[in-house]
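One structure is given below, encoded as structure tokens.
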Amino acid sequence: MRSRSWFPPLLVVALCVALVFLVLPVVAIFTHTSPGDLISSLGDSSSTDALRLSIETTAIAMAIIVVVGTPAAYFLATREFRGKPLVVTLIELPLVLPPAVAGIGLLAALGPKGILGNTLDNAGITLVLRTAGVVVALIFVASPFYLRQAQAAFASLDNSWLEASRTLGAGEAKTFGRIAIPAAANGLAAGLALAWGRALGEFGATLMFAGSFQGITQTAPLAIYGNFATNFDGALALSAVLVAVSGALLLAVKFLTGSEVLGGVAH
Amino acid sequence: MKARKLTVALVAMLALVAAGCGSSSSGGKPDLVVSAASSLKDAFNQYAQQFPEAKVRASFAGSDDLAAQIEQGVKPDLFASANTKLPDELFQKGLVQKPIVFAGNRLVIAVPASGGKVSSLADLAKPGVNIAMGSDSVPVGIYTRKVLAGLPGDQSAKLLANVRSNEPDVAGVVGKVAQGAVDAGFVYITDVDATDGKLKAIELPASLQPQVAYGIAIVKGAKHPKQAQAFIDGLLHGAGQQALKAAGFDPPPPAGT
């Protein structure tokens, strides 16, 4: 009986510690400097360029991830084959890789001295220090989030639907496009939001592979680091924007997957 | 029960790592925390091994970022900058003690040792050449922009048009040249020396060479001011001076120039 008396409060204390620790830095971004100063320091050209570049590069990356990732995830969800667990694990590996490892890996693979460096060069393609390089880095770090979620979404579909569609003569392509994608749409969108959030925050791989140049490769997280020394308010303002956008993406994920967010939202 | 075994293994691994961190920082000697410019990495790491009075824990980054950390209340024992302006500014704000100039360096153009598109300063302005330099807030980038300001206007404009990356510290510039991402970058001569022959240096004309002077200061509220002072003394005449010399640094330039 005694054990009951101290254990529940301990759980509450642990939760409070975790909550304060995780929320405080986010709150501090908004309270360190007055909102007016935050908004005015967003007018700085390096901030606006960085935000524009972040939106452009993440949008392109997401488009490529969806176009390639959706059929790839569908294949993984609907087929059994030897080595499938290995394939799935390999696809998920970038999720746990440190960004600096991603950056060095991309350099070793696609950099001028990388294993595909000559091939790219002969094809007239330069990725390092170009906007295209930023997109490549974003796809590398963010696509596993989409692939994983999309595979789960397709896998959770009722198989008899897909089979019914096929036996009614719809063909697999039609079944994929007309039945599977609409039915899995929420899960796919949630995966997209997760991937987008990860891409918006990408820093290390981008800096190592694509460098940092205003308007070309300096995305919002790189501009935050670049402004940190000389323009702390500007760095805070950009951070605040990223917090807001990331928060919105997280809410979207919660909403799309039907989880409760604020207690009032039932499903 | 496989999962349970795995959990135990993970926890044990964490405990080992934590124990490792703990034991390495003890050992009787105090920890001297040093925030130092990226370009000082090899020299300071060398010096740290021979510094008897404390275990030196140095972190290396762009001097401007380290100074910004100190302004935000971070308190290392020492701040060593690749210029004198940043420590002077912190001194005026009352955040560090009076800075001391302890070394000099030279700005050079780093290119791959195997050769490439760039073999002179003039080549940097040619079309199709890719350049990396420090950002406009880090000392190496500020020195670089001083050099460019000394060039004829059109040459400097063409050169700037070839810049592909403004790196947060000199280590980033070295990495971009070493990886072949750019044809050339503005770095210090000591950075080229530290690549063991992978990169070679193209010297700048003496008339364009900026005066590169390194300043160090004890941070106000430092936990170990005595050891910090001993560290500075060694940089001026002792093992630190030897390490700086071995890494290719110049003696401190005469003050007031």
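Matching residues to (1) touching a helix residue (DSSP H, G or I) at 6+ places or on another chain (Cβ under 9 Å); (2) in a helix (DSSP H, G or I); (3) over 17 Å from residue A:107 (Cα atoms); (4) open to solvent by less than 30 Å² (accessible area, probe 1.4 Å):
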site: A:129; (1), (2), (3), (4): yes, no, no, yes
site: A:132; (1), (2), (3), (4): yes, yes, no, no
site: A:142; (1), (2), (3), (4): yes, yes, yes, yes
site: A:151; (1), (2), (3), (4): yes, yes, yes, no
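Please tell me if residue B:184 is within 14 Å of chain A (Cβ to nearest Cβ) and either open to solvent by 40 Å² or more (accessible area, probe 1.4 Å) or without any contact (Cβ under 8 Å) to a residue 12 or more places away in the chain (or both).
Values: within 14 Å of chain A (Cβ to nearest Cβ): yes; either open to solvent by 40 Å² or more (accessible area, probe 1.4 Å) or without any contact (Cβ under 8 Å) to a residue 12 or more places away in the chain (or both): no.
In short, no.
Does residue A:125 qualify as being open to solvent by 10 Å² or more (accessible area, probe 1.4 Å), more than 10 Å from chain B (Cβ to nearest Cβ), in a loop (DSSP other than H, G, I, E, B) and not basic (Lys, Arg)?
yes
Of all the helices (runs of 4 or more DSSP H) wholly in the range A:153-228, which have at least 1 residues that are away from every other protein chain (no Cβ under 14 Å) and among the hydroxyl-bearing types (Ser, Thr, Tyr)? Spell out the reasoning first.
On the way: elements: A:159-167, A:171-174, A:185-200, A:204-210, A:220-228.
So the answer is A:159-167.
Taking the criterion of being within 28 Å of residue B:41 (Cβ to Cβ) and at the interface with chain A (Cβ under 10 Å from one of its Cβ atoms), would at least one residue in the range B:143-151 satisfy it?
No: zero hits.
In the set A:237, A:223, which member is over 20 Å from residue A:27 (Cβ atoms), open to solvent by less than 30 Å² (accessible area, probe 1.4 Å) and touching a residue at least 12 places away in the same chain (Cβ under 8 Å)? Spell out how you get there, then give the answer.
Values: A:237 fails: over 20 Å from residue A:27 (Cβ atoms).
Selected residue: A:223, the only one of A:237, A:223 that is over 20 Å from residue A:27 (Cβ atoms), open to solvent by less than 30 Å² (accessible area, probe 1.4 Å) and touching a residue at least 12 places away in the same chain (Cβ under 8 Å).
Would you pick out the residues in the range A:12-36 that are open to solvent by less than 90 Å² (accessible area, probe 1.4 Å) and outside any helix (DSSP H, G or I)?
A:33, A:34
Results for (1) open to solvent by less than 10 Å² (accessible area, probe 1.4 Å); (2) within 14 Å of another protein chain (Cβ to nearest Cβ); (3) within 21 Å of the chain's Cα centre (by Cα), shown as yes or no for each residue.
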site	(1), (2), (3)
B:89	no, yes, yes
B:92	no, no, no
B:98	no, no, yes
B:136	no, yes, yes
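Being assigned to a helix (DSSP H, G or I), farther than 20 Å from residue A:190 by Cα and charged (D, E, K, R) is the filter here; which residues of the range A:61-100 pass it?
A:84
The values are calculated or read from the model by the stated rules, or taken from the named source; none is laboratory data. Predicted model, so just to flag it, every value in this text is computed and none were measured. As a convention, Cβ positions derive from the backbone with ideal geometry for all residues, glycine included, and neighbour counts pool all protein chains shown. Quick note on the areas: whole protein, heavy atoms, side chains included, nothing else; ligands and nucleic acids left out. Shrake-Rupley method; radii C 1.70, N 1.55, O 1.52, S 1.80 Å.
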